[in-house]
1. Cα-Cα pairs above 18 Å in the range 168-265: how many percent?
2. Based on the Cα atoms of the range 139-194, what semi-axes does the equivalent ellipsoid have, where each is the square root of 5 times one gyration tensor eigenvalue, given in whole Å with the largest first?
3. Please list the helices of the chain that count as membrane-span-like by this rule: a mean Kyte-Doolittle hydropathy of at least -1.0 together with Cα atoms stretching 20 Å or more along the helix axis, each helix being a complete DSSP H run.
4. Plugging the Kirkwood radius over Cα pairs into Stokes-Einstein for the range 1-118, at a temperature of 10 °C and a viscosity of 1.306 mPa s, what D comes out in µm²/s?
5. At 1.4 Å probe size, put Asp159, Asp119 in order of accessible surface, largest to smallest.
6. From the mean inverse distance of alpha carbon pairs (Kirkwood) and the Cα radius of gyration, derive Rg over Rh for the range 55-160.
7. For the range 223-293 and the range 94-127, compute the distance between their C-alpha centroids and round to whole Å.
8. Given q = 0.10, 0.13, 0.14, 0.15 Å⁻¹, what are the Debye log10 I(q)/I(0) values for the chain, with equal point scatterers placed on the Cα positions and solvent ignored?
Amino acid sequence: MENKFITHVILTGGVGSRLWPLSRKSQPKQYLDIFGGKSLFEMTVERNKNIADQVMVVGNIDNRHLSEKVLEKSGTPYIDIVESTPRNTAAAIAFAAFASKPNDILIVTPSDHIIGDADLYEQSIQEAIDKASNGFIVTFGIVPTKPETGYGYIERKGDNVLSFREKPNQVTATDFIEKGSFLWNSGMFCFKANVFLEELQKYTPEVYEKSKIAWENNSDGNLDLELSLEIPSISIDYAVMERSRKIKVVSAQFSWSDLGSFESVYDYLKTIGHPVDKQGNMVIGTNNYTAFVGVRDTIFVYTPTANLILQKQYSQDVKNVYTTLERKNSELLN
């Protein structure tokens with residue numbers, strides 16, 4: 001049996017706009033130490049320690065120092081790929097594949113997800129590695145626990161993918177759950193480096209060519225700005241997953257959340273004993289005494305320069321606040 005070399009590729013781009021004001025450009029959500037004293041990034045590194053032979057971090061120039069701090073703290077050696085400008089996931093993953101040997105197996109994960117049930121997680125990873133060894137590109141679908149509108153979905157039959165679906169509205173999401181053949185799209189992948197690059201070249205040749213040129217001109221893993229700006233900004237879903245004939249899905253039973261909204265942060269913090277009052281109200285970010293009167297399911301988020309008060313079910317709308325501040329070029333995003 002061939003000896004498999006496994007690289008854990010961690011994608012650390014992204015600002016987490018729906019978690020403003022906690023998540024800022026200078027301290028995106030994956031580096032916030034609010035999850036039992038650890039950051040999501042640190043938990044992501046730890047989770048794959050037993051599985052991977054090496055760690056590769058693909059991030060942008062602004063958060064490189066934040067990743068470095070975490071990896072030094074845990075004494076983890078890693079390969080650093082630094083994007084001078086974000087070009088979405090297809091290019092980020094292509095850089096990791098170019099930096100690998102053709103037969104290396106890459107496990108690609110975001111850095112800002114929370115995952116429970118370590119045994120089930122390792123089981124799913126093992127299943128994915130076996131499929132990847134046979135030349136498939138594997139995506140992880142999470143068995144849904146509710147009709148969630150904040151996630152994309154994968155429609156499947158067995159381990160074959162029938163279609164990828166965008167984030168649905170409530171009616172469609174409920175329909176998906178009733179059908180039973182839909183999984184949440186976790187944004188995690190597993191494949192051999194050369195299989196991914198062949199499929200990328202076949203289906204999105206421009207991303208392949210321009211990423212290759214940028215990679216060949218890297219200096220110590222740092223990518224040139226001019227060459228990077230040439231790369232089309234496309235997600236791996238559009239570039240490869242929705243087109244390739246080599247896709248398989250692993251149906252994962254472990255508990256998972258992308259903590260993409262305050263509702264999911266609330267749900268998670270509740271499970272680890274974070275205080276909630278009788279009306280379901282929660283304070284995040286301060287130990288100051290805070291009283292809620294006449295409101296329920298409300299989240300109060302404190303930071304020294306900005307506060308946010310929201311009803312839990314409107315969590316997705318925080319992005320609108322972020323967008324408004326962005327248009328004003330506000331200091332409050334930094």
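1. Every Cα pair in the range 168-265 considered, those over 18 Å come to 64 percent.
2. Each semi-axis is √(5λ); the values are 21, 12, 9 Å.
3. Helices passing the filter in the chain: 118-133.
4. Value of D from the Cα-based Kirkwood radius: 108 µm²/s.
5. Greatest to least solvent exposure: Asp119, Asp159.
6. Ratio value, two decimals: 0.98.
7. 17
8. -0.60, -1.04, -1.21, -1.37
The values are calculated or read from the model by the stated rules, or taken from the named source; none is laboratory data. These figures come from a predicted structure and were not determined experimentally. For the accessible areas, the whole protein counts, side chains as well, though only heavy atoms, and no ligand, DNA or RNA atoms are used. Shrake-Rupley method; radii C 1.70, N 1.55, O 1.52, S 1.80 Å.
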